[in-house]
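Bear in mind that the values in this text are calculations on the coordinates, not laboratory data. What you are looking at is a predicted structure, and each value in this text was computed from that prediction instead of being measured. Here the Cβ is made from the backbone with ideal geometry for all residues, glycine too, and neighbour counts use every protein chain on show.
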Amino acid sequence: MSNVLLEVNQLTTKYITRFREDVYAVDHVSLSLEAGKSIGIAGESGCGKSTLALSLMGYYFAPLHYQSGDIIIDGKNISGMKPDDVRRNILGREIAYIPQAAMNALNPTCKIRKFIRDVMHAHYPKMRDDEIDRMAEDRFRELNLPVDSLDLHAVELSGGMKQRVVIAVSTILKPKVLIADEPSSALDVSSQKVVIRMLRDMMNAGLIGSMIFITHELPLLYNVTDDIMVMYAGQIVEKGTAAEMVFDPIHPYSRGLMRSILVPEEGTRNIKLTAIPGTPPNLKKPPQGCRFYDRCRYRQPQCQYNAVPIADIEGNRQYRCQLSVDQLRELYTAEDAEAERKQAEDTVLQKFLKDTGMNSAKEENRDDI
Amino acid sequence: MTYEELQNAPLCLSGRQLTKVFVNGKVSKTAVDHVDFDFHQGEVISIVGESGSGKTTLSKMLLGLLNVTSGTIYFKGEERKIRTMAQRRAYWNGIQAIFQDPFSSYNIFHKIDAVLDDCINMRYGRHIDKQKREDLKTEACSFVNLKYAELTNKYPFELSGGQMQRLMIARIFLLKPQILLADEPTSMIDACSRATILDMLLKLRDETGMTVIFITHDIGLAYYISDTVYIMEHGKFVESGSADEVILHPKAAYTKRLISDVPKIHEEWNLDDVFTGEE
């Protein structure tokens with residue numbers, strides 16, 4: 001385990017609101033990331049994905065505060081450092097961040113070349129401009145980006161180009177860990193593919209040591225990352241390899257997430273999407289027991305009061321639930337069989353209605369306009 | 001209903017040689033280029049294309065928010081007339097829209113009740129007694145799995161994105177137009193609430209028999225929801241047909257490329273095969 005680049009132990013961070021209330025948006029999160037590996041974080045909006053990204057960088061500015069836990073990057077603990085030190089010494093060199101909105105990340109008033117000079121001067125104040133230019137040009141050539149774009153303003157680039165330039169600039173110092181926070185969710189499918197290919201090429205070329213990829217698009221995560229973690233209400237509820245998580249989820253919440261995947265493949269049209277009812281809990285007053293209790297289909301009476309720690313199971317997997325893996329799997333098989341039976345019944349009913357000409361019932365509902 | 005049955009249903013909206021040219025001084029740009037389409041009653045139609053392919057321009061023309069450069073739109077078999085404001089109002093009784101950004105679809109200074117009240121005024125007239133009004137609002141909210149009692153007297157910022165978008169659907173339920181135009185209604189909403197919204201749109205179609213025109217760039221979504229798919233490239237429809245035919249057996253090169261660009265689960269996603277003709 002010598003090549004672990006990032007190790008996070010029981011990290012807890014909180015937001016302090018105007019009324020002095022604590023909101024624990026990242027609650028006892030542990031993860032470890034080896035060199036050359038990538039990890040994906042999935043979850044619905046508001047579950048703490050982006051807060052986790054900011055916390056991992058040590059980027060604590062009010063209202064975000066550090067509470068407890070360790071962040072160890074390549075043997076160096078950064079958890080107690082001041083934000084200004086982090087910004088000067090850690091960001092960019094050890095850990096880099098790609099924001100979601102690349103459109104707003106570039107300075108609109110200067111050319112890309114000037115922007116890169118600014119970035120480099122922040123880290124190496126004595127570096128000469130021509131040195132920086134040579135470095136930027138080499139990097140752009142390496143990543144198959146047009147070198148001419150260095151002399152353009154941000155507004156002259158298309159959305160996909162802007163995102164790629166932002167990625168190139170944020171990784172110019174060869175960071176050990178790259179955090180990509182929804183890098184492609186604002187792009188259309190073709191530009192998304194180009195951006196993802198660039199990230200993969202950078203991993204292969206060793207420009208970035210490892211990657212944390214945050215998104216809510218599960219098909220994308222499945223194709224990009226080695227491992228997937230699912231977050232819910234500030235906690236990690238399940239972790240496993242990408243294939244395990246997509247085809248054999250254990251936690252009821254991850255199962256709900258995997259049920260909402262939409263891909264243009266044969267047969268997916270007939271599968272009914274099942275949405276998870278309800279909304280996530282308010283983290284100002286987190287529930288006493290399991291945080292998923294209110295929305296869980298398989299809840300037990302004890303779930304409401306007993307908080308569950310995250311448990312290791314076979315392989316490298318972890319999950320957080322009262323029920324054992326076998327119990328959960330049994331429940332899922334029963335549910336699948338039930339759904340199949342219902343669908344078969346529906347088809348028979350539809351056919352009967354059609355044969356007898358009774359399916360005009362819906363016409364009567366329609367009011368005149 | 002099957003695809004064939006839908007094709008024989010009465011026509012709801014159709015266009016012939018529809019064109020929109022944006023002119024700025026000496027520069028002109030054709031956003032929508034001589035497109036023909038036939039939308040039938042009760043059909044769910046998806047218009048799929050990349051950014052800049054003219055999807056939104058087409059939808060604005062269908063809604064009557066943009067003037068048509070040339071070509072004609074037929075609404076229920078007759079030529080659409082939207083010269084005067086009265087004609088426009090009458091047309092908007094038949095066609096309504098849900099937009100991409102639910103956060104900017106509301107007037108932030110008004111309570112949510114006002115949104116629903118406006119719809120009731122538009123459809124049933126101003127003079128409707130209070131009890132009936134409450135009943136209608138409760139019914140509409142329960143259709144989209146929201147509790148009216150919890151929503152009343154709230155402002156839009158107190159709701160989540162998914163709730164706002166669902167309330168937009170409640171609005172459509174009150175208005176019951178013949179055509180609903182949904183312009184990327186789920187792109188700003190995360191994957192979990194997306195399924196709810198899609199199921200509600202399908203339920204709306206099944207209960208009221210309205211035509212749903214779904215504009216999206218997500219092919220997986222289009223495949224799930226629609227009966228008919230139109231693929232748009234540079235202002236032209238390059239391919240159209242039933243969802244199974246277009247998505248599973250694409251003919252046009254552009255459609256093939258679009259589908260190969262989508263990450264999939266059961267097939268391998270080939271990253272080396274990318275389209276590099278970026279402008």
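Selection of region A:297-323 for residues being in a loop (DSSP other than H, G, I, E, B), closer than 18 Å to A:Val230 by Cα and among the polar types (S, T, N, Q) yields A:Asn316, A:Gln322.
A quick yes/no check of all residues on (1) touching a Leu at 6+ places or on another chain (Cβ under 9 Å); (2) in a strand (DSSP E or B); (3) under 18 Å from B:Gly241 (Cβ atoms):
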{"position": "B:Met1", "(1), (2), (3)": "no, no, yes"}
{"position": "B:Val21", "(1), (2), (3)": "no, yes, no"}
{"position": "B:Ala31", "(1), (2), (3)": "yes, yes, no"}
{"position": "B:Ala97", "(1), (2), (3)": "yes, yes, no"}
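Could you list, in sequence order, all residues of region B:50-83 that are within 14 Å of another protein chain (Cβ to nearest Cβ) and at positive phi? First the steps, then the outcome.
Initial filter on region B:50-83 (within 14 Å of another protein chain (Cβ to nearest Cβ)): B:50-56, B:75-76.
Selection gives B:Gly52, B:Gly54, B:Lys76.
The set of residues in region B:235-244 being more than 22 Å from A:Ile261 (Cβ to Cβ) and either within 12 Å of another protein chain (Cβ to nearest Cβ) or hydroxyl-bearing (Ser, Thr, Tyr) (or both) consists of B:Ser240, B:Ser242. Checking each residue in region A:126-137 for being loosely packed, with under 15 Cβ neighbours inside 10 Å and within 10 Å of A:Ile172 (Cβ to Cβ) picks out no residue at all.
Can we say A:Thr279 is within 14 Å of chain B (Cβ to nearest Cβ) and of a type in the set (Ser, Thr, Tyr)? Break it down stepwise before answering.
Numbers: within 14 Å of chain B (Cβ to nearest Cβ): yes; of a type in the set (Ser, Thr, Tyr): yes.
Judged against the criteria, A:Thr279 is a match.
For region A:71-94, the candidate set comprises residues that are free of Cβ contacts under 8 Å to residues at least 24 places away in the same chain and assigned to a loop (DSSP other than H, G, I, E, B); within that set, the residue that is nearest to the chain's Cα centre (by Cα) is A:Ile78.
In this structure, A:Ala53 does not satisfy being of a type in the set (Gly, Ala, Ser) and outside any helix (DSSP H, G or I). Loosely packed, with under 14 Cβ neighbours inside 10 Å and in contact (Cβ under 8 Å) with a residue 40 or more places away in the chain, is that true of B:Gly94? Here the answer is no, as B:Gly94 does not meet what is asked. Per the conditions (1) crowded, with 23+ Cβ neighbours inside 10 Å; (2) at the interface with chain B (Cβ under 10 Å from one of its Cβ atoms); (3) under 18 Å from the mean Cα position of the chain (by Cα), the sole criterion not satisfied by A:Gly234 is (2).
Which condition does A:Leu207 not pass, out of (1) within 27 Å of the chain's Cα centre (by Cα); (2) within 14 Å of chain B (Cβ to nearest Cβ), if it passes all the others? Only one criterion in (1) within 27 Å of the chain's Cα centre (by Cα); (2) within 14 Å of chain B (Cβ to nearest Cβ) is unmet by A:Leu207, namely (2).
If only residues of region A:172-204 that are in contact (Cβ under 8 Å) with a residue 60 or more places away in the chain and within 23 Å of B:Ser51 (Cα to Cα) are counted, the one that is farthest from the chain's Cα centre (by Cα) is A:Ala186.
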